[in-house]
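The structure appears below as structure tokens.
The values are calculated or read from the model by the stated rules, or taken from the named source; none is laboratory data. It should be emphasised that the depicted structure is a prediction, and the values quoted were computed from it without experimental measurement. Neighbour counts run over all protein chains shown; Cβ positions are idealised from the backbone, glycine included. Accessible surface areas use protein heavy atoms only, side chains included; no ligands, DNA or RNA. Shrake-Rupley method; radii C 1.70, N 1.55, O 1.52, S 1.80 Å.
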Amino acid sequence: VVTVMVLFTVCFMRSKLKVAIGIMREASKVLQAVPLLTLWPLIPYLMVCALLAYFVIVGAYIASASDVSTHDLTSTAFGNGTTLSNSTTFRAVEELDIVWLMCFYHLFGLLWTNQVIQAISMCTIAGVSCTYYWNRGDRTRFGRRPIATAFWNCIRYNFGSLVFGALIIAIVQMVRIVLEYIDQ
């Protein structure tokens, strides 16, 4: 039964399959013309690794934020032997709320920056592919450094759109994380 269903699906989706095959052929032509494009994902990968290292280090600093009470502040002695007077009043701020807020902010920054890196990577690959496609492989119009040119065009002309799109995706990811946390 499943075989018959797959057969009917393939028969009815023949035109869509031809389009997909055509896209794959053009993509392979781009990779033949610019073989360094296969190495391009290593750069965003290294950037994400650096981002994760930064996230872990700063996250450790946030998590190790100490609990300071008002009693500790009122009895603190200075180097010259004087102490804070007990008449000083402090507004109590719950430490855990601040730490949770900093963790939330830090996680959102991680999500947003990761999405910006991914967007720049995809836009650069798309730029190289489009340049190849519209120039039909003409090396004189294609340029000597198509990846660098596509990256520069991505940053110069599309950076705002990429950052805004990454913001939308990061907001959705953050909402999903919060809902998952609530569910747990």
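Observations on the model:
- Taking region 10-33 as the range and being open to solvent by less than 100 Å² (accessible area, probe 1.4 Å) and without any contact (Cβ under 8 Å) to a residue 60 or more places away in the chain as the test, the residues that pass are Val10, Cys11, Met13, Ser15, Leu17, Val19, Ala20, Ile21, Gly22, Ser28, Leu31.
- Within the set Leu36, Leu7, the sole residue that is touching a residue at least 24 places away in the same chain (Cβ under 8 Å), open to solvent by 100 Å² or more (accessible area, probe 1.4 Å), part of a helix (DSSP H, G or I) and not hydroxyl-bearing (Ser, Thr, Tyr) turns out to be Leu36.
Yes or no, residue by residue, for (1) aromatic (Phe, Trp, Tyr); (2) closer than 30 Å to Gly109 by Cβ:
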| site | (1), (2) |
| --- | --- |
| Phe8 | yes, no |
| Ala20 | no, no |
| Leu31 | no, no |
| Ile43 | no, yes |
| Ala63 | no, yes |
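- Filtering region 136-180 to residues that are more than 14 Å from the chain's Cα centre (by Cα), closer than 30 Å to Val30 by Cα and open to solvent by 100 Å² or more (accessible area, probe 1.4 Å) leaves Arg136, Arg139, Thr140, Arg141, Arg144, Arg145, Trp152, Arg156, Tyr157.
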